[in-house]
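A quick write-up on the structure given underneath.
The values are calculated or read from the model by the stated rules, or taken from the named source; none is laboratory data. All figures in this text were calculated on a predicted structure; none of them were measured in a lab. Note that we place each Cβ from the backbone using ideal geometry, even for glycine, and neighbour counts take in every protein chain shown.
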Amino acid sequence: MEQHAEVLTGANWQQRVPGWRDLVATLLVLGVVILLGVGTHLMVAPFAVEHQSEISLSPTALPLYALRTVMRMLAAMLASLLFTFTYATLAAKSRRAEMVLIPILDVLQSVPILGYLSFTVAFFVALFPGNTMGPELAAIFAIFTSQAWNMAFSFYQSLRTIPTDLDEASRSFRESAWQRFWRLEVPFAMPGLIWNMMMSMSGGWFFVVASEAISVGDLQIALPGVGSYVATAIARRDLAAVGWAILAMTVAIVLYDQLMFRPMVAWADKFRFEQTAAQVFPKSWALDLFRRSGLIARVGRPLAIAMRGGARARLALLPSGATRRVLPQRVGDALWLGLVAGGLIYVGWAIVQYAGSVLSWGDVRLAAGNGALTLARVAILVALASLIWVPIGVFVGLRPELTSRVQPVSQFLAAFPANLLFPVAVFLIVHFRLSPGIWLCPLMILGTQWYILFNVIAGASAFPSDFREAAASFRVRPWRWWREIMLPGIFPYYVTGAITASGGAWNASIVAESVNWGSTNLTAGGLGAYIAQKTAAGDYPHIALGVAVMSVLVITMNRLLWRPLYAYAERRMRLD
Amino acid sequence: MFDATAEPIIALSHIDMNFTKPSGGTLPVLSGIDVTVHNGEILGLLGRSGSGKSTLLRIAGGLIKPSAGNVVYRNAPLAGPAEGIAVVFQTFALYPWLTVLENVELGLDAAKLRADEARRRAMSAIDLIGLDGFQSAYPRELSGGMRQRVGFARALVSDPILLLMDEPFSALDVLTAETLRTDFLDLWVGHQLPTKAVLMVTHNIEEAVLMCDRIVVLGANPGHVAAEIRVPLAQPRNRLDAAFHAIVDEIYAILTSRMTEAMGSQSQIHGGLVRQLPEVAATRLGGFVEALAAPPFGGRAELAKIARTLALSSKRLFPIAAALHLLEFAELEGGTIKLTAAGRVLAQSDIDGRKRLFRQHLIRFVPLAAHIRQVLDERETHAAPRGRFEYELEDHLPRREADRTMRTAIDWARYAELFTYNDRTRSFSLDRAAA
């Protein structure tokens, strides 16, 4: 049926004679497979905290380091997907689970990841004594925590907003829960999920770099990777090595984007729910290559058939419609709520007990004071970044030519781990004897300001052209044009970008407010520096206090500022 | 053709359906419904919006469980979606990420067929419904008519005994709907379908008379069987036939009398405060009154006729007629609409005069609007939150209807400059001029 046209045009010749496309595609596939194999092998090598392999500063060692860093990203992404599919599905399907899981998720995404790295490292190292798996898992877990929450949220939202007619169609075809998951739920959630995976990925590079080399008290760990390479370079004051690391990271991110995310976005385009044809189609040379290569198609076909068969299998844990009801709903709810409340009270009591024995009110006051300083910094930095990037973003976004050139760069900059650039900045501060209290601050927003830029560009380029033309034909004055047309138009996008930027700045404060160059230590004060110093000293109760204060500040800021702003933006932009 | 001795395919008896009110009580949407679909017939469910006809269809499909009553499908109680029942949706409900072929194969997922057998059956369904050549297209590449053909193929591929259709043609333009309707009837009349019976929801009176062997008219608030009409005409039917017209007129008469009755009974509760308002913009009423006053109608018309002349679907026409009746600009009786004296004045007034007259009638005949205005007058701030009035409405009407009624009241009051409404603060207030 579908093949008829191909037979006529002779397209099936390609299936017999491998062409250049086959060669390139095969090389790509084999290359990736071999690299993954090598990376995995290295991960399970024996490991002892006392004698770790020395990190070499030779540029020739960098490709292998970069590979291992990329492997960690990949492993974390797989873990995040698994987490997303289970956690979010559970939350969407069970009302009682939802009551607990969603608030937990909401809090988890506000907790600064770098803050609790010290706990997880100690935990995982103890879990796998004498094996590299321990610290590897700790690093992967850190990246996982930077990626999983928003993916799970996106998937949960999608599951909750499946259109009624598709849901009814699926039910009227009597699909099993398994069939429904792969036929309806995952495809429907796909565009949002892929977008969030990209966002997660670009945030993840920062944390992979930060989590490879870590020292908590006496425990010193340096996993072979770009992050450790940079850490070693800092310790030895080797600016050239930092330059090499920046280059290696750039190459790794570009490859990752081209070979993995571009193809995925282009492929996921078919899951778009809008029934209208789109004007712009996401393109990917790698995907085109794979699609056109006859060899890949032939090799891939059994795999595709197996996957399709798997999705069609009528697996179901419970026969559908046969939900047993042992207790009346209200009694069940009351029991469940009682259980949750009991658990919460116990945990609260345990925390108060423990904290009371090791912390004093003076400690809390100190942490809160530092928190206020960091809060002021974050607020000022986000405001400054907005003042700079909003006009530039609008300027770029309104010019399609410019957008197509600037947007990839801004997305790359957002993904690039800014902590690789810190040594350069610190070198300059030391060299020119600048005040660290002021000049360390910009580092906090160095990596995340780009989120504001590329969201504003996206907003401005999505701004309906008839609105702009109307404004132009009425000759609206510039000031009014900004205030009443452009700013409201990009506002929802700006808020999205600003939320990400401010969340990132909080996280970055832990590595930016206290930095080293060789044996020189620069400190700007603030909560980030507080957590960093306590981590270096291995002082767990005070680390926990710092993390808790920061979480509370982030959650408060989200609740009182960002969420109302976001709701306001959504309400105002609706036409119906 | 309807045959009362034919074997029943699905029988719904004593069906009640209640939804939960925000205040915790229950709100009935269907009450005591008995409907049986027999072998060999197309049964139509006709009714205004809010009469619960789509809910009833979903109950028959096992997609919704009724609050009370039982559903017997081929001599066994129905528990959830069953083999042999297929649904065609108003919105097509196609999976946008699957091709036409894959969408049709979806209808066979539950059947555990071998892959090649499923492919063969899907292809023959695609052939049957006139989609050949489009197998590899994605839904977004198709026009509305072709999309609904996929919807039909997907429903028919499983060889259903009972076909449920939820306003299958209402999302299509007139011409496309007509073609698809005719194609479907050809297959049905020519016995090319394995399907034994069809239950179809529609709001289009002519469509019901064109396709159905029997029509069940549902009344609203709560939904109940108001009348049952047989259509003893042979297929293919002719719209210009006198017998055809007679049945259409009869249904118009039934629906209008149900409507005026319902409005009368609602005005008894709470002094008419919770009376449901038809969803129609005030400016639209003016346009209709002008057309009705002008020749050839001269102030009086049969609904079926004016619907054809003005190319208004009955879904559009009924709210207008109901609103004019409610505001006493016109009178509805037995399928005809007649302008009152006030209605004639309205037709001839300029825009300011029209607004003045509309305002007088709004205060007199729509207690909700009058009540809101009174509250605003009494308050020193001349403002009041919407929630205050809405809550009361929601106690007596389903939430969607309450919202619709509120929106209509706001539109009418804005037109009449009786009061204004601020959606951002969700509150009513008086214009400075009006205060």
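Kindly establish whether A:Val326 is at pLDDT 75 or above and among the β-branched types (Val, Ile, Thr). When the stated conditions are applied, A:Val326 does not pass them. Can you spot a residue in segment B:294-311 that is among the polar types (S, T, N, Q) and within 27 Å of B:Ala416 (Cα to Cα)? Checked segment B:294-311: no residue is among the polar types (S, T, N, Q) and within 27 Å of B:Ala416 (Cα to Cα).
Where helices (runs of 4 or more DSSP H) sit wholly within segment A:353-445, those with at least 2 residues that are charged (D, E, K, R) and in contact (Cβ under 8 Å) with a residue 60 or more places away in the chain occupy A:361-397.
Checking every residue in segment B:383-402 against the condition of being over 26 Å from B:Phe19 (Cα atoms), in contact (Cβ under 8 Å) with a residue 12 or more places away in the chain and of a type outside the set (Phe, Trp, Tyr) gives at least one match. Within segment B:406-435, the set of residues being over 27 Å from the mean Cα position of the chain (by Cα) and surrounded by 18 or more Cβ atoms within 10 Å (Cβ to Cβ) comprises B:Ala416, B:Leu418, B:Phe419, B:Tyr421, B:Phe428, B:Ser429, B:Leu430.
Just to be sure before I move on: is B:Pro66 in contact with a helix residue (DSSP H, G or I) (Cβ under 7 Å, 6 or more places away or on another chain), away from chain A (no Cβ under 14 Å) and either not in a helix (DSSP H, G or I) or not aliphatic (A, V, I, L, M) (or both) in the structure I sent?
On the way: in contact with a helix residue (DSSP H, G or I) (Cβ under 7 Å, 6 or more places away or on another chain): yes; away from chain A (no Cβ under 14 Å): yes; either not in a helix (DSSP H, G or I) or not aliphatic (A, V, I, L, M) (or both): yes.
So B:Pro66 passes the test.
If you take the residues of segment B:391-405 that are part of a helix (DSSP H, G or I) and under 19 Å from the mean Cα position of the chain (by Cα), which of them is nearest to B:Gln360 (Cα to Cα)? Looking at residues that are part of a helix (DSSP H, G or I) and under 19 Å from the mean Cα position of the chain (by Cα), I get B:Thr405.
The criterion of at least 2 residues that are away from chain B (no Cβ under 14 Å) and surrounded by 24 or more Cβ atoms within 10 Å (Cβ to Cβ) is met, among helices (runs of 4 or more DSSP H) falling completely within segment A:94-209, by A:113-127, A:133-160.
Checked against (1) out of contact with any helix residue (DSSP H, G or I) (no Cβ under 7 Å at 6 or more places or on another chain); (2) assigned to a helix (DSSP H, G or I); (3) modelled with pLDDT under 65, A:Leu78 passes all but condition (3).
Touching a residue at least 12 places away in the same chain (Cβ under 8 Å) and touching a Gly at 6+ places or on another chain (Cβ under 9 Å), is that true of A:Val547? Can you show your working first?
On the way: touching a residue at least 12 places away in the same chain (Cβ under 8 Å): yes; touching a Gly at 6+ places or on another chain (Cβ under 9 Å): yes.
So A:Val547 passes the test.
Would you mind stating whether B:Leu418 is more than 16 Å from B:Pro319 (Cβ to Cβ), in the same structural domain as B:His371 (by TED's automatic domain parsing) and not in a helix (DSSP H, G or I)?
yes
Could you list, in sequence order, the residues of segment B:74-103 that are touching a Gly at 6+ places or on another chain (Cβ under 8 Å) and either crowded, with 23+ Cβ neighbours inside 10 Å or closer than 30 Å to A:Phe271 by Cα (or both)? Working first, answer last.
So the first thing to find is which residues in segment B:74-103 are touching a Gly at 6+ places or on another chain (Cβ under 8 Å), and the list is B:74, B:78-82, B:85-89, B:92-94.
Those that are touching a Gly at 6+ places or on another chain (Cβ under 8 Å) and either crowded, with 23+ Cβ neighbours inside 10 Å or closer than 30 Å to A:Phe271 by Cα (or both): B:Gly80, B:Pro81, B:Ala82, B:Ile85, B:Ala86, B:Val87, B:Val88, B:Phe89, B:Phe92, B:Ala93, B:Leu94.
Of everything listed in (1) part of a helix (DSSP H, G or I); (2) in contact with a Phe, Trp or Tyr (Cβ under 9 Å, 6 or more places away or on another chain), the single unmet condition for A:Arg237 is (1).
Kindly evaluate B:Gly69 against the criterion of being without any contact (Cβ under 8 Å) to a residue 40 or more places away in the chain and either outside the structural domain of B:Ser31 (by TED's automatic domain parsing) or under 26 Å from the mean Cα position of the chain (by Cα) (or both). Talk me through it step by step, then tell me what you get.
On the way: without any contact (Cβ under 8 Å) to a residue 40 or more places away in the chain: no; either outside the structural domain of B:Ser31 (by TED's automatic domain parsing) or under 26 Å from the mean Cα position of the chain (by Cα) (or both): yes.
So B:Gly69 does not fit the description; no.
Could we say that B:Ile59 is hydrophobic (A, V, I, L, M, F, W, C), buried (at least 20 other Cβ atoms within 10 Å of the Cβ) and within 14 Å of chain A (Cβ to nearest Cβ) here? Yes, satisfied. Taking B:Ile363 as the residue in question, decide whether it is in contact (Cβ under 8 Å) with a residue 24 or more places away in the chain, aliphatic (A, V, I, L, M) and closer than 19 Å to B:Gly264 by Cβ. Spelling it out, it is not the case that B:Ile363 is in contact (Cβ under 8 Å) with a residue 24 or more places away in the chain, aliphatic (A, V, I, L, M) and closer than 19 Å to B:Gly264 by Cβ.
Can you tell me which residue among B:Ile42, B:Ile9 is touching a Leu at 6+ places or on another chain (Cβ under 6 Å) and either closer than 26 Å to B:His191 by Cα or outside the structural domain of B:Leu131 (by TED's automatic domain parsing) (or both)?
Only one candidate passes the filter, namely B:Ile9.
B:Arg354 passes every criterion in (1) modelled with pLDDT under 90; (2) surrounded by 17 or more Cβ atoms within 10 Å (Cβ to Cβ) apart from (1).
Residues checked against (1) modelled with pLDDT of 85 or more; (2) of a type in the set (Asp, Glu); (3) assigned by TED's automatic domain parsing to the domain that holds A:Ala233; (4) surrounded by fewer than 15 Cβ atoms within 10 Å (Cβ to Cβ):
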| residue | (1), (2), (3), (4) |
| --- | --- |
| A:Thr520 | no, no, no, yes |
| A:Gly528 | yes, no, no, no |
| A:Thr535 | no, no, no, no |
| A:Gly546 | yes, no, no, no |
| A:Arg559 | no, no, no, yes |
| A:Leu565 | yes, no, no, no |
| A:Met573 | no, no, no, yes |
| A:Asp576 | no, yes, no, yes |
